[in-house]
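Inspection log for the structure reproduced underneath, given as structure tokens.
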Amino acid sequence: QVAAKDLILAAYAKGETAKWQANAKEFAAAFGKALSAPELDAAFKAKMLELPVFEVLLPAIKKDVNAENLFAAREALRHVVAKFNLAELKRTYEHTAQSGTYSPDAASTGQRALHFDCLSLASLADPEWAAAQARREFDSANNMTAEFSALQTGARLGGAVGAKMLAEFHARHAGDHLLIDKWFAVQALLPGADAAARVRQLTAHPDFTYKTPNRVYALLRNFIGGNFTGFHAASGAGYALGADAILKLDETNPQVASRLATGFRSWRKFEPKRRAKAQAAMKRILAKRNLSRDVYEIISRTMKG
């Protein structure tokens, strides 16, 4: 994690230089050795595939963070790791395939985690292969972990495959509130410049309601707290969507609204244009008449902090 963090921050600060590429390949080689080590536990290997999250990376950058550039730096390292270890990722993916009845024991759980983490990472280096595997897994799954993990990979790959899998998942599980929450969450977390527009459109979906906190958390809290480039988009569309949701929720459920409001707490870390857009969104929230104490306290403290 420390080595990965250093490489990501180096790519963010200086770009992908020849020295960075050499260091990244050295990291990928060590990464591959751990992945192929027979004595290591599958669950441990699955954790090894995770790179530092943005909450870990942000404190290491003093100011003026560009969200897209930081996301790109992290993705650059993921791509190097995926390309360097593609054969081993595919081999491990095949080796960890499970057949027969579902088992919730620790060993099987770790094996499933590694199986789908390998698929996710390999999708960066061979998206066509990954899309075919995700489609196959989605169609043949005999447990929700497999079906949902395949959906996540398909949705991230996008295109016709991802859209069809999302539509089919919704059709399969239309009557299950928890699974429809997951369906909203998958889409809330998809990165990209169009993330805010997609989430805003989903707030108009017949299955979305502001009256159910879990549905709000699935879509809006995941977007605000978990979609780094979506919420912190340079356009300010993410901040505007967050403000709109907070203002709407403040009328009926200020406790939920205040939890969404905590997503603005890192606003001072970003570059001036983003800061200005975040500040404008928060001022719009504070300008609301009869704003709840819960939301007022969080937003006012966030602006002062």
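Overview of results
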quantity	calculated
Tally, over region 28-47, of residues that are open to solvent by less than 70 Å² (accessible area, probe 1.4 Å) and out of contact with any helix residue (DSSP H, G or I) (no Cβ under 6 Å at 6 or more places or on another chain)	4
Unique residue being hydrophobic (A, V, I, L, M, F, W, C), at pLDDT below 95 and open to solvent by less than 60 Å² (accessible area, probe 1.4 Å) when the list is Ala155, Ala160, Ala141, Ala130	Ala141
Qualifying residues in region 209-260 (those that are of a type in the set (S, T, N, Q), surrounded by 19 or more Cβ atoms within 10 Å (Cβ to Cβ) and within 16 Å of Lys182 (Cβ to Cβ)) - the one nearest to the chain's Cα centre (by Cα)	Asn227
Qualifying position, being under 16 Å from Phe270 (Cβ atoms) and of a type in the set (Val, Ile, Thr), among Thr203, Thr229, Thr209	Thr229
Residue count for region 72-97, restricted to those that are part of a helix (DSSP H, G or I), farther than 17 Å from Phe27 by Cβ and touching a helix residue (DSSP H, G or I) at 6+ places or on another chain (Cβ under 7 Å)	3
Single match in Ser99, Ser103 (criterion: modelled with pLDDT under 95 and within 18 Å of Gln133 (Cβ to Cβ))	Ser99
Members of region 74-106 found to be in contact (Cβ under 8 Å) with a residue 24 or more places away in the chain, open to solvent by 30 Å² or more (accessible area, probe 1.4 Å) and hydrophobic (A, V, I, L, M, F, W, C), listed by number	Phe84, Leu86, Ala106
Cβ pairs under 8 Å, 6+ apart, first in region 284-300 and among the charged types (D, E, K, R), second open to solvent by 20 Å² or more (accessible area, probe 1.4 Å)	Arg284/Leu247; Lys288/Leu247; Arg293/Pro254; Asp294/Pro254; Asp294/Gln255
Close pairs from region 48-73: first open to solvent by less than 50 Å² (accessible area, probe 1.4 Å), partner outside any helix (DSSP H, G or I), Cβ under 7 Å, at least 6 apart	Pro52/Gln1; Leu58/Val65; Leu58/Ser266; Val65/Phe270; Val65/Glu271; Asn66/Glu271; Ala67/His232; Ala67/Phe270
Count - residues of region 15-27 that are surrounded by fewer than 12 Cβ atoms within 10 Å (Cβ to Cβ) and aromatic (Phe, Trp, Tyr)	0
Among the candidates Ala150, Ala167, residue that is modelled with pLDDT of 95 or more, within 30 Å of Asp207 (Cα to Cα) and either part of a loop (DSSP other than H, G, I, E, B) or open to solvent by less than 30 Å² (accessible area, probe 1.4 Å) (or both)	Ala150
Any pair with Cβ under 6 angstrom, 6 or more apart, that starts in region 243-266 at a residue that is at pLDDT 95 or above and ends at one that is among the polar types (S, T, N, Q) and part of a helix (DSSP H, G or I)	Phe264/Thr302; Arg265/Thr302
Residues within region 176-214 that are in contact (Cβ under 8 Å) with a residue 40 or more places away in the chain, in a helix (DSSP H, G or I) and among the basic types (Lys, Arg), tallied	1
Filter result for Leu157 (within 16 Å of Leu86 (Cβ to Cβ), touching a residue at least 60 places away in the same chain (Cβ under 8 Å) and in contact with a helix residue (DSSP H, G or I) (Cβ under 9 Å, 6 or more places away or on another chain))	no
Of all residues in region 263-305 being among the aromatic types (Phe, Trp, Tyr) and part of a helix (DSSP H, G or I), the one that is surrounded by the fewest Cβ atoms within 10 Å (Cβ to Cβ)	Tyr296
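The values are calculated or read from the model by the stated rules, or taken from the named source; none is laboratory data. What you see is a predicted model; the values in this text were computed from it and never measured. Backbone-built Cβ (ideal geometry, glycine too); neighbour counts: all protein chains shown. These accessible areas exclude ligands, DNA and RNA; they are computed on the full protein's heavy atoms, side chains included. Shrake-Rupley method; radii C 1.70, N 1.55, O 1.52, S 1.80 Å.
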